[in-house]
1. Of (1) modelled with pLDDT of 75 or more; (2) away from ligand 1 (no atom under 15 Å from the Cβ); (3) over 18 Å from the mean Cα position of the chain (by Cα), Ala40 satisfies all except one. Which?
2. Testing Gln2 on (1) more than 16 Å from ligand 2 (Cβ to nearest atom); (2) within 18 Å of the chain's Cα centre (by Cα); (3) at pLDDT 80 or above, one condition comes back false. Which one is that?
3. Cβ-Cβ below 8 Å, separation at least six or inter-chain, first residue in region 1-27 and closer than 18 Å to Ala40 by Cβ and near ligand 1 (Cβ under 7 Å from one of its atoms), second in a strand (DSSP E or B) and among the hydroxyl-bearing types (Ser, Thr, Tyr): which pairs?
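The values are calculated or read from the model by the stated rules, or taken from the named source; none is laboratory data. Computed from a predicted model, the values in this text were never measured in an experiment. In this analysis, Cβ positions are derived from the backbone assuming ideal geometry, glycine residues included, and neighbour counts consider all displayed protein chains.
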Amino acid sequence: MQCPQCQHDNRESARFCEACGTALVLPCPTCGTQPRPGAAFCDACGTRLREPLPAPSTAPPAPPRHRNSTTRGAARHRAWRA
Ligand SMILES: [Zn+2]
Ligand SMILES: [Zn+2]
């Protein structure tokens, strides 16, 4: 059984990678199905089984909007008080 994280070749009965400790087979917390090793989602009910791997290229960088809104909010606040 190969570790999805470090590709270490564990025993077939292994539930955790002996090299990095990654859980190889986690039962679905929702329906109890045993997914295949390395599965990110339960194939029976769609529950996420592990944290998604970081994918920096899928999402475009968010514009620094909050700095603008903070300034606007402060100005509005000042106007309200005056
Ligand atoms: Zn591993
Ligand atoms: Zn499930």
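1. (3)
2. Unmet condition: (2).
3. Correct list of pairs: empty, since none qualify.
Yes/no matrix, rows are residues, columns are (1) modelled with pLDDT of 80 or more; (2) in a loop (DSSP other than H, G, I, E, B):
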position: Cys6; (1), (2): yes, yes
position: Cys28; (1), (2): yes, yes
position: Pro35; (1), (2): yes, yes
position: Pro52; (1), (2): no, yes
position: Pro60; (1), (2): no, yes
position: Arg67; (1), (2): no, no
position: Ala75; (1), (2): no, no
position: Trp80; (1), (2): no, no
